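The values are calculated or read from the model by the stated rules, or taken from the named source; none is laboratory data. Since the model is a prediction, treat every value here as computed from it, not as a measurement. When we count neighbours, we look across all protein chains shown, and the Cβ atoms used for this are built from the backbone with ideal geometry, even at glycine. For the accessible areas, the whole protein counts, side chains as well, though only heavy atoms, and no ligand, DNA or RNA atoms are used. Shrake-Rupley method; radii C 1.70, N 1.55, O 1.52, S 1.80 Å.
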Amino acid sequence: MSRKNKTNLRRRNVSSKKVPQERINQINEAFMKKNIPELRKLATTGPGLVNDGLRRLCWPLLLHCEPYEPYDKKDLREEHKDERQVLLDVDRSFVYYPKGLNNATKKHMQSELKDVIVGILRRHPKLAYYQGFHDICSVLLLVLGNKESAIKAGENIAMFLLRDAMLDSLEPIMKQLTLLNTLIRLEDPAIADFLEKSNTLPYFCLSWVITWCSHDVRDLSKVVRLFDFFISSDPLISIYLSARIVISRHKELLALECDGAIVHTFLSKFPQYIDIDELISKTIQLYNKYRKFCPLVLKKAINEALDETSCAILYEQHWLNLKVDEPINYLAVDKILSSPYSAKKSMQIKNSEKPNMLNKKRVVMALISATLFYWLFNKILISFYERNH
């Protein structure tokens, strides 16, 4: 290494040490003042909330977890219909992180994780558990350090940020994934053409969206940085982030054989090497670009992808406008959960369009079923491999 390069490297290291300390001061000040808008800004820019000590303070504030109000134990006795699946998933938890767990510690953490997930589901029996929510809760438990804090944080994430994945059908999320096609078409027509030609559907990023990348990213420091971002952002931000990941792989992607199976397999593997801070920065740029000047084609896609009860549609009304220490009214959300998804009226469906839309719906449902089968089959194979190696 040349003297010049060594000097530059030293300068970068010195600079990187100064920035976190400034950041810590800014985060502490925002936390002490309970300045949630400022905390959101810090969580979504630069190095985020820096370390798990600060996250342990700031995540509960950002997620309106204080004061914690325990539920009456009588309300939590009835078993949730999905608890058997929860147990199966908990047994597969804490595979990649934290590192170096002995068997006894891992079993204890899995027991606590089960209590966290079951606690959330029994508080809101109409929530439908999905495979991957245990990944979300495992990160909350690791960072927040106790079951009570993880339950409250997970409850609010489930009710206000990931609710669309916790209805009685995954169809709302599958519809939202189609926004990926529109965003890629607007940003990188060459990739859009390639994906269309190879008949690649956007469902390769399903686990990125419903687990906030915690199922796919193996570095916990990257996962918690992403959680800073997701906790502080619009529920649709994971779709924008997925689009940025695909676009960032332009050269690699276009070098592949134009075959749907090959392309899907390539894209479904989260690039572990990616710079998370840069990814978040570019995702925010993409989101802000189309938030300010939303082209008609994207508006139409959003209207078709989102139902009127989507947490993305109600984000501002139900969540963003909450003030510090304001009690959360769960009744409106529980009412949404009480209505079967199939009975909900979608924003995009008009009476004159129903016959045409029914045919489209059959095609969409067939694609969704096939994709879910493929995804679950792969999870079973991965689980089998991990258990036997």
I need the full set of residues from segment 210-224 which are open to solvent by 10 Å² or more (accessible area, probe 1.4 Å), in a helix (DSSP H, G or I) and touching a residue at least 24 places away in the same chain (Cβ under 8 Å), in order please. Leu220, Lys222
Quick check, is Lys282 within 23 Å of the chain's Cα centre (by Cα) and at negative phi? yes
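A quick yes/no check of all residues on (1) of a type outside the set (Lys, Arg); (2) within 21 Å of Asp193 (Cβ to Cβ); (3) in contact with a strand residue (DSSP E or B) (Cβ under 9 Å, 6 or more places away or on another chain); (4) not assigned by the TED database to the domain that holds Ala43:
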position	(1), (2), (3), (4)
Phe227	yes, no, no, yes
Leu236	yes, no, no, yes
Ser242	yes, yes, no, yes
Ala255	yes, yes, no, yes
Val263	yes, yes, no, yes
Lys282	no, no, no, yes
Leu286	yes, yes, no, yes
Lys292	no, no, no, yes
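For (1) open to solvent by 60 Å² or more (accessible area, probe 1.4 Å); (2) in a helix (DSSP H, G or I); (3) not hydrophobic (A, V, I, L, M, F, W, C), each residue gets a yes or a no:
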residue: Glu78; (1), (2), (3): yes, no, yes
residue: Lys81; (1), (2), (3): yes, no, yes
residue: Arg84; (1), (2), (3): yes, yes, yes
residue: Tyr96; (1), (2), (3): yes, no, yes
residue: Glu112; (1), (2), (3): no, yes, yes
residue: Arg122; (1), (2), (3): no, yes, yes
residue: Val143; (1), (2), (3): no, yes, no
residue: Asn156; (1), (2), (3): no, yes, yes
residue: Met159; (1), (2), (3): no, yes, no
Cβ-Cβ under 7 Å, sequence separation 6+ or interchain: first residue in segment 327-338 and open to solvent by 40 Å² or more (accessible area, probe 1.4 Å), partner at pLDDT 90 or above. Which pairs? Ala332/His318; Asp334/His124; Asp334/Lys126; Ser338/Lys126
For segment 293-312, does any single residue satisfy the condition of being surrounded by 13 or more Cβ atoms within 10 Å (Cβ to Cβ) and of a type in the set (Phe, Trp, Tyr)? no
How many residues of segment 261-279 are in a helix (DSSP H, G or I), under 20 Å from the mean Cα position of the chain (by Cα) and surrounded by fewer than 17 Cβ atoms within 10 Å (Cβ to Cβ)? The answer is 2
Top-ranked residue in segment 229-260 [being modelled with pLDDT of 95 or more and of a type in the set (Gly, Ala, Ser); ranked as most open to solvent (accessible area, probe 1.4 Å)]: Ala255
Out of everything in segment 169-201 that is more than 24 Å from the chain's Cα centre (by Cα) and either open to solvent by less than 30 Å² (accessible area, probe 1.4 Å) or of a type in the set (A, V, I, L, M, F, W, C) (or both), what residue ends up being nearest to Cys258 (Cα to Cα)? Ser198
Please work out if Glu257 is out of contact with any Gly (no Cβ under 7 Å at 6 or more places or on another chain), farther than 28 Å from Arg40 by Cα and not in a helix (DSSP H, G or I). yes
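So is Ile136 touching a Phe, Trp or Tyr at 6+ places or on another chain (Cβ under 9 Å), without any contact (Cβ under 8 Å) to a residue 60 or more places away in the chain and either crowded, with 24+ Cβ neighbours inside 10 Å or not in a helix (DSSP H, G or I) (or both) or not?
Spelling it out, it is not the case that Ile136 is touching a Phe, Trp or Tyr at 6+ places or on another chain (Cβ under 9 Å), without any contact (Cβ under 8 Å) to a residue 60 or more places away in the chain and either crowded, with 24+ Cβ neighbours inside 10 Å or not in a helix (DSSP H, G or I) (or both).
Of the residues Ala128, Ala150, Ala158, Ala104, only one is farther than 24 Å from Trp208 by Cα and not assigned by the TED database to the domain that holds Phe227; which? Full working, then the answer.
Numbers: Ala128 fails: farther than 24 Å from Trp208 by Cα; Ala150 fails: farther than 24 Å from Trp208 by Cα; Ala158 fails: farther than 24 Å from Trp208 by Cα.
So the residue among Ala128, Ala150, Ala158, Ala104 that is farther than 24 Å from Trp208 by Cα and not assigned by the TED database to the domain that holds Phe227 is Ala104.
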Of the residues in segment 285-326, those that are farther than 21 Å from Asn181 by Cβ and in contact (Cβ under 8 Å) with a residue 24 or more places away in the chain come to Glu308, Thr309, Cys311, Tyr315, His318, Trp319, Leu322, Val324, Asp325, Glu326
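If you take the residues in segment 98-110 that are part of a helix (DSSP H, G or I) and in contact with a helix residue (DSSP H, G or I) (Cβ under 9 Å, 6 or more places away or on another chain), which one is nearest to Met166 (Cα to Cα)? Write out each step before concluding.
Of segment 98-110, the ones part of a helix (DSSP H, G or I) are 103-110.
Retained after the next criterion (residues that are in contact with a helix residue (DSSP H, G or I) (Cβ under 9 Å, 6 or more places away or on another chain)): 109-110.
Numbers: Met109: 24, Gln110: 22 Å.
Filtering first and then ranking leaves Gln110.
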